[in-house]
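The values are calculated or read from the model by the stated rules, or taken from the named source; none is laboratory data. Note that the coordinates shown come from a computational prediction; the quantities given were computed from them, not determined experimentally. Please note: Cβ atoms are built from the backbone with ideal geometry, for glycine as well, and neighbour counts cover all protein chains shown.
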Amino acid sequence: MPSGFFQTLTQVDWFPLWLSLRVAALATVISVVFGLLAAYCLANFEFRGKELLDAVITLPIVLPPTVLGYYLLVVLGRDSFLGRWHEAFWGAPLVFTWQAAVVAAVVHSFPLLVKSARAALESVDASFAQAARTLGAPEWRVFLRVTLPLARRSILAAAVFAFARSLGDFGVTIMIAGNIPGRTQTLAVAIYDAVESGNGALARTLSIVIAAVAGIVLYVVNRLGRSEE
């Protein structure tokens, strides 16, 4: 690599990277907890409106990020019920904060995790769960002790993908969290800001960093996939 790259590394403000890692980690935890619950319900229960619920969960995958960001601004803005409730409870608005970046990352990664986790849960041989039920195990124990361990590698791979998707979110994040250096500027937003300001060296450096992180993520996913075979 050219010496200018290493010189730029010493001059970079790494706040966007640390913020992106924190946002992605929190978003992944939230997506895993609620995504597994949604995936389990979709995979194991029949109920009225099931396909509609699945469509609503999947919708963020196909909608443009700016549209998702606009919807979130409407739902979470200061004039909305949720926005007023958050401001009254926490003493500050939610939009244009790093917490809003977490919400954006969850919206972006949650559907991917649900779809992958549902497929993993449906691939588990139902006879194992049924055997546990005949032995008197309650449904929550069957899920935690039988179904989840059998699907753990696929679900872990989905969680890693969700982390990567959260790390690289741009469109939704810039709509509801903004581009405030030192507060809400994530790595993807910082790259956009560097390009807009004509700072090509910084843009290249940050792009290499996020590409390296993404490469590590893909390597981990591939290793998990091979372990499944």
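Give the residues of region 131-153 that are touching a Leu at 6+ places or on another chain (Cβ under 8 Å) and either among the polar types (S, T, N, Q) or within 15 Å of P111 (Cβ to Cβ) (or both), sorted by residue number.
T147
Working carefully through the options V95, V107, find the one that is part of a helix (DSSP H, G or I), crowded, with 17+ Cβ neighbours inside 10 Å and β-branched (V, I, T).
None of the other options fit; the residue is V107.
Only one of E51, E46 is part of a loop (DSSP other than H, G, I, E, B) and either at positive phi or not β-branched (V, I, T) (or both). Can you tell me which?
Criteria check complete, one pass: E46.
Can you tell me which residue is farthest from L121 (Cα to Cα) among those in region 188-198 that are over 15 Å from the mean Cα position of the chain (by Cα) and surrounded by 20 or more Cβ atoms within 10 Å (Cβ to Cβ)?
A194
Could you tell me whether V74 is surrounded by fewer than 17 Cβ atoms within 10 Å (Cβ to Cβ) and either farther than 24 Å from A162 by Cβ or of a type in the set (K, R) (or both)?
yes
List the pairs whose first member sits in region 38-53 and is farther than 22 Å from L148 by Cα, whose second member is part of a helix (DSSP H, G or I) and at pLDDT below 85, and whose Cβ atoms are under 9 Å apart, counting only residues at least 6 apart or on separate chains?
Going by the 9 Å Cβ cut-off, there are no qualifying pairs.
Assigned to a loop (DSSP other than H, G, I, E, B), in contact with a Phe, Trp or Tyr (Cβ under 9 Å, 6 or more places away or on another chain) and loosely packed, with under 15 Cβ neighbours inside 10 Å - does that describe any residue in region 130-146?
no
Which condition breaks for H108 when tested against (1) over 24 Å from L17 (Cα atoms); (2) within 12 Å of the chain's Cα centre (by Cα)?
That leaves (1) as the condition not met.
When you scan region 151-166, do you find a residue that is among the polar types (S, T, N, Q) and within 13 Å of the chain's Cα centre (by Cα), even just one?
yes
Is it the case, given these coordinates, that V220 is in contact (Cβ under 8 Å) with a residue 40 or more places away in the chain, assigned to a helix (DSSP H, G or I) and surrounded by 17 or more Cβ atoms within 10 Å (Cβ to Cβ)?
No; evaluated as a whole, the condition is false for this residue.
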